[in-house]
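J.: Pasting a structure below so you can have a look.
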Amino acid sequence: MNDGLAYSRAAYWDDYHRTSVASDATRRTGERIWLNCFLPTLEAYRSRRILDLGCGSGADAIALARCGYETIGIDISAVAVEFARQAHDDALPIRFVRRDVAEPLPFPDASFDAVLSNLTLHMFPATIARRIVAEVGRCLRPQGVFLFHVNSTEDIALRIVQQPPAVRLAPRFYRLGKGQTMRFFSEGCCRELVAGWTVRHLEHVVARRADGAVQKHAWRCVAEKA
């Protein structure tokens, strides 16, 4: 498998953000379902400068900036980044960068107190995800913290039903019917991803819609740079 072709690229995500009602709703309402759980950790670590990795249309990054954090959001989609730039108040301590996070991050060593990655790392095959985490480690200060959510293996059946047909590219890694690539993590996969880090929290969570239906099965992880 060619890693360079194995994950959804900018054209897919530009179209997604251009046409997705869900993405537009998130941009308007600033939904914080995957962010609020991490706010106590950011405070406990006295984080001030935060990178939002795979920020999409900017809901989490903007919420962090409104809480007073100096925030940079980075995403592969030019459409998403433009949405994010339009959505935030110019007075906020925030900026957005268009970049494929699978490439080396355009930031100096030890330039962030924390890196947030909500539902982004599972878009990549294992080899690329490990490279991304290595870049996260480079960009974090000593004892900086990496906070992320990734899809759980328990989510496979739900995704395949929602986006048929699914093509299996590698163990637990699929290209779904609309073209999105997605890897599904076990607890062991999560721990392997942050091998060499100090795992402060690892929890399996289930997000539900307002009607009680399952929205997503995911792993929540907090890892401290050694």
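J.: Give me the residue from region 170-191 that is surrounded by fewer than 19 Cβ atoms within 10 Å (Cβ to Cβ) and in contact with a Pro (Cβ under 7 Å, 6 or more places away or on another chain) and, out of that set, farthest from Y16 (Cα to Cα).
T.: Once the filter is applied, the top-ranked residue is A170.
J.: Further question on the same structure: Which of the following residues is more than 28 Å from G144 (Cα to Cα), surrounded by 11 or more Cβ atoms within 10 Å (Cβ to Cβ) and at pLDDT 95 or above: A10, A44?
T.: It is A10.
J.: Any idea which of (1) touching a residue at least 12 places away in the same chain (Cβ under 8 Å); (2) over 15 Å from the mean Cα position of the chain (by Cα); (3) not in a strand (DSSP E or B) is the one E82 doesn't satisfy?
T.: In the conditions (1) touching a residue at least 12 places away in the same chain (Cβ under 8 Å); (2) over 15 Å from the mean Cα position of the chain (by Cα); (3) not in a strand (DSSP E or B), E82 misses (1) alone.
J.: Test of understanding: among R209, R183, R200, which residue is modelled with pLDDT of 95 or more, of a type in the set (K, R) and out of contact with any Lys or Arg (no Cβ under 9 Å at 6 or more places or on another chain)?
T.: Testing whether each residue is modelled with pLDDT of 95 or more, of a type in the set (K, R) and out of contact with any Lys or Arg (no Cβ under 9 Å at 6 or more places or on another chain) leaves just R200.
J.: To continue, here is another question. If you go through region 120-168, how many residues are of a type in the set (A, V, I, L, M, F, W, C) and within 23 Å of A44 (Cβ to Cβ)?
T.: 10
J.: Follow-up. Looking at V145, V161, which is the one that is surrounded by 23 or more Cβ atoms within 10 Å (Cβ to Cβ) and either under 13 Å from the mean Cα position of the chain (by Cα) or not charged (D, E, K, R) (or both)?
T.: V145
J.: Additional query: Just checking, how many residues over region 207-226 are assigned to a strand (DSSP E or B), more than 24 Å from Y45 (Cα to Cα) and not polar (S, T, N, Q)?
T.: Here the count works out to 5.
J.: Only one of (1) closer than 23 Å to S20 by Cα; (2) touching a Leu at 6+ places or on another chain (Cβ under 7 Å); (3) part of a loop (DSSP other than H, G, I, E, B) is not met by I74, so which one is it?
T.: (3)
J.: Return yes when R200 is of a type in the set (K, R), surrounded by 12 or more Cβ atoms within 10 Å (Cβ to Cβ) and under 24 Å from L39 (Cα atoms) and no when it is not. I'd like the intermediate steps shown before the answer.
T.: Values: of a type in the set (K, R): yes; surrounded by 12 or more Cβ atoms within 10 Å (Cβ to Cβ): yes; under 24 Å from L39 (Cα atoms): yes.
Criteria met by R200.
The values are calculated or read from the model by the stated rules, or taken from the named source; none is laboratory data. Here the structure is a predicted model, which is why all the values come from computation and not from measurement. When we count neighbours, we look across all protein chains shown, and the Cβ atoms used for this are built from the backbone with ideal geometry, even at glycine.
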